[in-house]
1. How many residues, within the range 87-127, are out of contact with any Gly (no Cβ under 9 Å at 6 or more places or on another chain) and over 20 Å from residue 176 (Cβ atoms)?
2. Taking the range 133-164, which residues are assigned to a helix (DSSP H, G or I), of a type outside the set (Gly, Ala, Ser) and under 19 Å from residue 198 (Cα atoms)?
3. Go through the range 88-98 and count every residue that is part of a helix (DSSP H, G or I) and either in contact with a strand residue (DSSP E or B) (Cβ under 6 Å, 6 or more places away or on another chain) or under 19 Å from residue 199 (Cα atoms) (or both).
4. If I filter the range 55-78 down to residues being in contact with a strand residue (DSSP E or B) (Cβ under 9 Å, 6 or more places away or on another chain) and in a helix (DSSP H, G or I), which single residue comes out as surrounded by the fewest Cβ atoms within 10 Å (Cβ to Cβ)?
5. Return the residue satisfying two criteria in turn: it lies in the range 34-69 and is touching a Lys or Arg at 6+ places or on another chain (Cβ under 7 Å) and hydroxyl-bearing (Ser, Thr, Tyr), and of such residues it is farthest from residue 211 (Cα to Cα).
6. On the given criteria, is residue 43 among the β-branched types (Val, Ile, Thr), in a helix (DSSP H, G or I) and under 24 Å from residue 131 (Cα atoms)?
7. Of all residues being assigned to a loop (DSSP other than H, G, I, E, B) and out of contact with any Lys or Arg (no Cβ under 7 Å at 6 or more places or on another chain) in the range 184-204, which is surrounded by the most Cβ atoms within 10 Å (Cβ to Cβ)? Just the residue, please.
8. Scan the range 99-116 and report the pairs whose first residue is within 16 Å of residue 146 (Cα to Cα) and whose second residue is of a type in the set (Asp, Glu) and surrounded by 18 or more Cβ atoms within 10 Å (Cβ to Cβ), with Cβ atoms within less than 7 Å and a gap of 6+ or a chain change.
Amino acid sequence: MIEHIQPKDIEKKSFEIIGEELASMGITLDPLQDPVIRRAIHTTADFEYAKTMLFSDGAVRIARDLISSGADIVTDTNMALTGINKKKLAQYGGQVKCYMAEEEIAVEARKRGVTRASVSMEHAAADIAISGRKTIFAIGNAPTALITLRNMYDAEKFTPDFIIGVPVGFVNVVEAKELIAETEIPYIINRGRKGGSNVAAAIVNALLYGM
């Protein structure tokens, strides 16, 4: 039977259903992590996120502290950029940035035989070195973005303030996420193949809405 629900109540009803189904599964989430995981489930209708999302120590608090201090968000897709609540982020002084569509990124990537995501992470790191701005990386599509961030970290060229690592796919996706989990960089990742730009944006929004 179709339920007749006011548009403004649809999201609330969805979260009520999520809560009921988590309870029926016997799943109790960490209070700080709960809204992040629930929004990922809400975005995907996939309850596996309740078991596969991994948070470094104090991750939610650290991310929110960064946002409240005016941190920017760098994404690996314009889809993630579009999905993040930029108005809410701007209240704290932050902006969302994506370098992927810039022509110089594409030209350099072709010349070097690497992905645009890899080059865009290098350019983001260079810009951050100049501006000195705190930055959260929200990666939902390209494992090469995570691999490049790890390579710069290992070479002591650049240390991200925070990484949301939820690329989706089959090639190097699982391994790239684990590369981030091995570091001292604060992170939120989703283990396994699942993720996506929509999930990366949902995680950022969950952090914002809980502030």
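Values quoted throughout were computed directly from the atomic coordinates according to the rules given, and no laboratory measurement underlies them. Every value quoted in this text rests on a predicted model; they were computed, and no experiment measured them. Positions of Cβ are generated from backbone atoms using ideal geometry, with glycine treated the same way; all protein chains shown enter the neighbour counts.
1. Total satisfying the criteria: 19.
2. Residues of the range 133-164 that are assigned to a helix (DSSP H, G or I), as a first pass: 143-154.
Adding the requirement that they be of a type outside the set (Gly, Ala, Ser) leaves 143-144, 146-154.
Within the range 133-164, 143, 144, 146 meet the criteria.
3. As a first pass, look at the range 88-98 and keep what is part of a helix (DSSP H, G or I): 88-90.
If we keep only those that are either in contact with a strand residue (DSSP E or B) (Cβ under 6 Å, 6 or more places away or on another chain) or under 19 Å from residue 199 (Cα atoms) (or both) as well, we get 88-89.
Going through the range 88-98 one residue at a time, the tally reaches 2.
4. Our first condition is that a residue be in contact with a strand residue (DSSP E or B) (Cβ under 9 Å, 6 or more places away or on another chain); within the range 55-78, this holds for 55-56, 59-60, 62-63, 66-67, 71-78.
Checking which are in a helix (DSSP H, G or I) leaves us with 59-60, 62-63, 66-67, 78.
Values: 59: 21, 60: 22, 62: 18, 63: 29, 66: 21, 67: 24, 78: 13.
Taking the candidates together, the pick is 78.
5. By that ranking, first place goes to 52.
6. Numbers: among the β-branched types (Val, Ile, Thr): yes; in a helix (DSSP H, G or I): yes; under 24 Å from residue 131 (Cα atoms): no.
Spelling it out, it is not the case that residue 43 is among the β-branched types (Val, Ile, Thr), in a helix (DSSP H, G or I) and under 24 Å from residue 131 (Cα atoms).
7. Checking each candidate, the answer is 195.
8. Sorted first by the residue in the range 99-116, then by its partner, the pairs are 100/76.
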